[in-house]
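One structure below.
The values are calculated or read from the model by the stated rules, or taken from the named source; none is laboratory data. These numbers come from a predicted model, not from an experiment. Backbone-built Cβ (ideal geometry, glycine too); neighbour counts: all protein chains shown. Surface accessibility is based on the protein's heavy atoms, side chains included, excluding ligands, DNA and RNA. Shrake-Rupley method; radii C 1.70, N 1.55, O 1.52, S 1.80 Å.
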Amino acid sequence: MRERHHLWAEGGSVTEPDVLLKRAQQLAQHYVESLARRAVAAPVDRETLAAALGGPLGDGPVDPLTVVEELAQGVDPGLVATSGGRFFGFVEGGVLPAALAADWLTATWDQNPGLHVLSPAAAAVEEITAGWLLDLLGLPSTASLGFTTGAQMANFAGLAAARHDVLEKAGWDVESDGLTGAPPVAVLVGAECHITIGRAVRFLGMGERTMVVVAADSQGRMDADGLRRALGNVQGPSIVCAQAGNVNTGAFDPLREIAESCRDHGAWLHVDGAFGLWAAASPAHRYLVDGVKLADSWATDGHKWLNVPYDSGFVACAHPESHRTAMAVRAPYLVRETDGARDGTDWTPESSRRARAFAVWAALRSLGREGVAALVDRCCDHATRFAEALSATKDLEVLNDVALNQVLVRVGDDDTRTKATAAIVQSGGEAWLGDTVWRNKAALRISVSDHATTAADVDRAIAAIEAAAAATRA
Ligand SMILES: *Cc1c(COP(=O)(O)O)cnc(C)c1O
């Protein structure tokens, strides 16, 4: 191994960068290859991880190669194979090869897309990718789009734009004057809206408890008539949060009817489509998001269904000036472009951040329009495969209409058996799925959103679920 002297390692030596990066590449390769074999999640205690990685921080430097070896070895027992084909928990997606490779390069290039002057490359790729995303998701081509950490911050940014816009129309400058003394803003949500909506509302100073909750149906869809009535009781500025893809059932709010009510009432419509918005990219599933284009802002993720590595969400807004006013910063030392070039910080809550668009560009370019549609359709087909097999199994019941990629399964119509089944599957390492409570009943929650999942993976998971459920029979 070639070594070189380094100023800070007095008399010592450190591994050359090329050797270090080759080793990192090898470790990454081993991990990717292990996904097909390793337990999806293995029981591990904190002490084991702490013993390998913890202890007081040393005073002196450690050779980077040793550091990387220690890290890779130490974390391994605690890694969850979310990017393998048999992880069906939450809605996690996986990692497309092109996106993974682009993400490595993103770290290498170390670009800051906050300002155009800091990376014309990142600015260009953000602009191009934004156009592709708006087109794929069936959103107006004139909308603005920002690259956020995930849908949580996309919901935050969309609702910040909404707050600005509805208050400006009421003659109030919320960016300058805050909310004290402002006209109250009514925020209307469906009973099954995602928890990140409440958190975004809280961050925006509007108070989670003040949200007006509109009833939802058995699939979790907001009741459109209920919304119309609720809007009728609201005076002044109002924001409606609709959902494309419920985290449990995958169901979609009736977006067209909701949009029409919002238009009649002058309310801003925000759509949380963290994973469900991707139905728009599939000709076979696009009907689910009918009317989505009529909204004012949208949130979705790259790191869920698009299978980009973590730290990738998108906020889009039909009113770029409201979006920019809610997000942008100005200071004399920030060199601003004057010819309309893109400063990424205008569209997200962050100032400096990762150049997230490179991996998104790579994912979209590698799949193409048809590839994205096929990814969505394949996951939905797998969900149907789960539902058909499990509903035909003794003791098992599918609780939701499987129109997308989510399946809720109840065992023996019994909460205890259902939760025990999830725990057995989780500790078995063959597949991973979570449990949830749907309409007061415990249920296994299966989500298919990984490009790597095959029909054989689904069959292995089905077998694991059936065996676990049988083991819970008294
Ligand atoms: C996952 C999810 C979110 C939050 O997304 P993050 O990427 O975790 O921030 C918001 N809404 C819905 C419907 C989701 O499924």
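Miscellaneous remarks
- Across the range 265-280, rounded Karplus estimates of 3J(HN,Hα) from the backbone phi angles (6.51 cos²θ - 1.76 cosθ + 1.60, θ = phi - 60°) give 9, x, 8, 7, 10, 10, 10, 8, x, 3, 10, x, 4, 5, 4, 5 Hz, Gly and Pro being marked x.
- Value of relative contact order over the range 16-83, rounded to a whole percent, pairs C-alpha under 8 Å and six or more apart: 51 percent
- Shape category assigned to the range 56-169 from the gyration tensor of Cα positions, a/c cut at 1.5: prolate
- Fraction of beta bridges assigned by DSSP in the chain that are antiparallel (%, nearest 5): 65 percent
- Rounded accessible area per residue of the range 16-83, 1.4 Å, Å²: 67 Å²
- Per-peptide average of other Cβ atoms within 10 Å, ordering 366-372, 342-348, 262-268 highest first: 342-348, 262-268, 366-372
- Among 393-402, 81-90, the peptide with the highest mean count of other Cβ atoms within 10 Å heads the list, and the full ranking is 81-90, 393-402.
- Value of relative contact order over the range 100-363, rounded to a whole percent, pairs C-alpha under 8 Å and six or more apart: 33 percent
- Mean separation of Cα contacts under 8 Å (6+ apart) over length of the range 321-397, as relative contact order %: 19 percent
- Contour excess over end-to-end distance, with Cα ends at His30 and Val212 and 0.36 nm allotted per residue: 60.5 nm
- Here the scattering of the range 382-452 is modelled by Debye summation over its C-alpha atoms, one equal scatterer each and no solvent; at q = 0.20, 0.22, 0.23 Å⁻¹ the log10 of I(q)/I(0) is -0.80, -0.97, -1.05.
- The listed residues Tyr333, Tyr31, Tyr310, once ranked by accessible area (1.4 Å probe) with the largest placed first, stand as Tyr333, Tyr310, Tyr31.
- A Förster radius of 56 Å combined with the Cβ-Cβ distance from Val335 to Ala474 puts the calculated FRET efficiency at roughly 0.20.
- Considering all C-alpha pairs of the range 100-363, those separated by over 28 Å amount to 31%.
- Between Val80 and Thr108, the C-beta separation translates, for a Förster distance of 25 Å, into a calculated FRET efficiency of about 0.45.
- For the range 331-447, accessible area per residue (1.4 Å probe, heavy atoms of protein chains only), Å²: 43 Å²
- Ranked by the mean number of other Cβ atoms within 10 Å of their residues, highest first, the peptides 354-365, 140-151 fall in the order 354-365, 140-151.
- Across the range 169-180, coupling constants 3J(HN,Hα) worked out from phi with the 6.51/-1.76/1.60 Karplus curve, θ = phi - 60°, read 5, 8, x, 10, 9, 5, 5, 8, 9, x, 9, 5 Hz, and Gly and Pro carry x.
- Environment charge of Val329, counting only residues whose C-beta is closer than 14 Å and scoring Lys/Arg +1, Asp/Glu -1: 0
- Calculated over the chain: convex hull of Cα atoms, volume per residue (Å³): 175 Å³
- Per-residue HN-Hα couplings for the range 35-46 [Karplus 6.51, -1.76, 1.60; θ = phi - 60°; Hz; x = Gly/Pro]: 4, 6, 9, 5, 4, 4, 8, 10, x, 8, 9, 4
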